[in-house]
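Structure, as structure tokens:
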Amino acid sequence: MENPSVPGQLDLLSLSGGQPAPASPPQSSPQSLPQSPPQLLERPLTSPSPQSGAERHPAARTLLIVDTETTGLDPQLDHCLEVGVILFDVPSRQLLAQQSFLLPVESNAAEAINRIPASATNLPQPWRPALGYLQSLLDAADLLVAHNAAFDRQWFGRGHLPATDKRWLCSMEDMRWPPDRQLRSRPSVRDLALAYEIPVWAAHRALTDCIYLAEVFRRCEDLEQLIEHGLEPRQLMRAQVSYDNRHLARDAGFRWNEPVKGAWARRLSAREASNLDFTVVPVDPPLPLAS
């Protein structure tokens with residue numbers, strides 16, 4: 001994709017190759033996973049193959065790294081009181097622009113976590129013009145990236161934040177960090193930064209967390225592949241492991257009892273499922289993708 005022009009910088013307060021199918025497959029023959037061993041899946045995945053997903057979307061060149069601070073966890077009841085973003089160019093590994101600002105709220109039940117008094121959000125500052133600049137940064141991006149994107153994306157289109165139809169990538173759930181970094185399957189922003197030798201000086205402020213993620217991306221030689229694999233279509237899968245072998249699922253990033261009660265589950269692409277050392281089956285009905 002052609003890289004759009006980047007708005008000027010402003011700081012306010014501070015992303016299978018199997019054999020091709022026959023031209024006319026028999027209707028009774030189910031679709032098979034590319035390069036999946038016959039014993040891997042009891043039933044075929046319903047998600048499209050990673051290759052077909054790549055064909056639908058061009059490679060992401062410009063990322064908008066996003067983080068929000070909120071008054072609580074429920075977007076129906078709570079509000080976003082701070083947003084931070086960094087526009088990041090993938091080929092050059094450069095930060096192009098950044099922005100953060102507060103949004104006015106009446107109260108902040110999460111003040112003990114983010115340390116933002118509600119009174120501070122009501123001090124005079126140009127948050128309305130900042131929303132216009134935020135929209136220009138959204139327009140300039142090919143892809144939105146957040147650490148726990150399922151949480152951050154739900155605040156857009158609510159309250160003061162503009163709605164967006166851009167694709168999202170979750171750096172916590174969807175990106176598979178190199179094994180030599182010795183990270184958990186769902187690392188925190190702090191652990192991810194420290195794994196890439198980035199000093200951690202503060203937490204739970206929107207722009208600070210964006211800076212950590214941008215600095216991690218600057219140090220990733222294989223960032224393009226991490227983004228490409230992270231964007232592969234995923235489906236919630238259940239691990240078929242015995243009690244004695246439960247460590248296999250745990251080590252592969254599956255979570256017990258969440259979101260599937262009484263099972264080890266994780267969202268996987270077809271490629272990731274084919275590389276496991278144990279059998280997995282899709283969870284019915286398929287859940288919406290988080291990114």
For this session: Using only the Cα atoms of the stretch 174-215, construct the convex hull and provide its projected area averaged over every direction, in square nanometres to one decimal.
Result: 3.0
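Restricting to Cα pairs below 8 Å that are 6+ residues apart, what does the relative contact order work out to for the stretch 100-213? Please round to a whole percent.
20
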For this session: Evaluate the distance, in nm, between pseudo-label points positioned 7 Å from the Cα of residue 245 and of residue 163 along their respective Cα→Cβ axes.
Result: 4.7
For this session: Using a cut-off of 12 Å between beta-carbons, work out the net charge of the residues near residue 88 (Lys and Arg +1, Asp and Glu -1, residue 88 not included).
Result: 0
For this session: Before anything else, pin down the relative contact order of the stretch 178-282: Cα pairs under 8 Å, at least 6 apart, normalised by residue count, whole percent.
Result: 23
Exercise. So how far apart, in nm, are the two label points at residue 257 and residue 112 if each is 7 Å from Cα heading toward Cβ?
Worked result: 2.4
Exercise. Karplus couplings for the stretch 143-154 from phi (6.51 cos²θ - 1.76 cosθ + 1.60, θ = phi - 60°), rounded to Hz, Gly and Pro as x?
Worked result: 8, 9, 10, 9, 8, 6, 4, 4, 7, 5, 5, 6
Exercise. How much of the accessible area of the stretch 189-291, probe 1.4 Å, is carbon plus sulfur, in whole percent?
Worked result: 49
For this session: Between residue 93 and residue 135, with labels modelled 7 Å along Cα→Cβ, what's the label distance in nm to one decimal, could you check?
Result: 3.6
For this session: Could you do me a favour and compute the accessible area per residue for the stretch 69-139, 1.4 Å probe, result in Å²?
Result: 46
Exercise. Which value, in Å², gives the accessible area per residue of the stretch 177-283 when a 1.4 Å probe is used on the protein heavy atoms?
Worked result: 51
Seminar exercise, completed: Residues whose built amide H sits under 5 Å from the amide H of residue 101, excluding neighbours closer than 5 in sequence, are 83
Exercise. What is the Cα radius of gyration of the stretch 107-191 over 2.2 N^0.38 Å, N being its residue count?
Worked result: 1.35
Problem set entry | ³J(HN,Hα) computed for each position of the stretch 89-101 - Karplus, 6.51 cos²θ - 1.76 cosθ + 1.60, integer Hz, glycine/proline x | 8, 5, x, 8, 6, 10, 7, 9, 6, 8, 7, 8, 6
Exercise. In whole Å, how far is the Cα centre of the stretch 231-273 from that of the stretch 75-108?
Worked result: 32
For this session: Add +1 for every Lys or Arg and -1 for every Asp or Glu among the other residues with Cβ under 15 Å from the Cβ of residue 114, and state the total.
Result: -4
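The values are calculated or read from the model by the stated rules, or taken from the named source; none is laboratory data. All values derive from a computational prediction rather than experimental measurement. Positions of Cβ are generated from backbone atoms using ideal geometry, with glycine treated the same way; all protein chains shown enter the neighbour counts. Just so you know, the surface numbers come from the protein's heavy atoms only, side chains and all, with ligands and any DNA or RNA stripped out. Shrake-Rupley method; radii C 1.70, N 1.55, O 1.52, S 1.80 Å.
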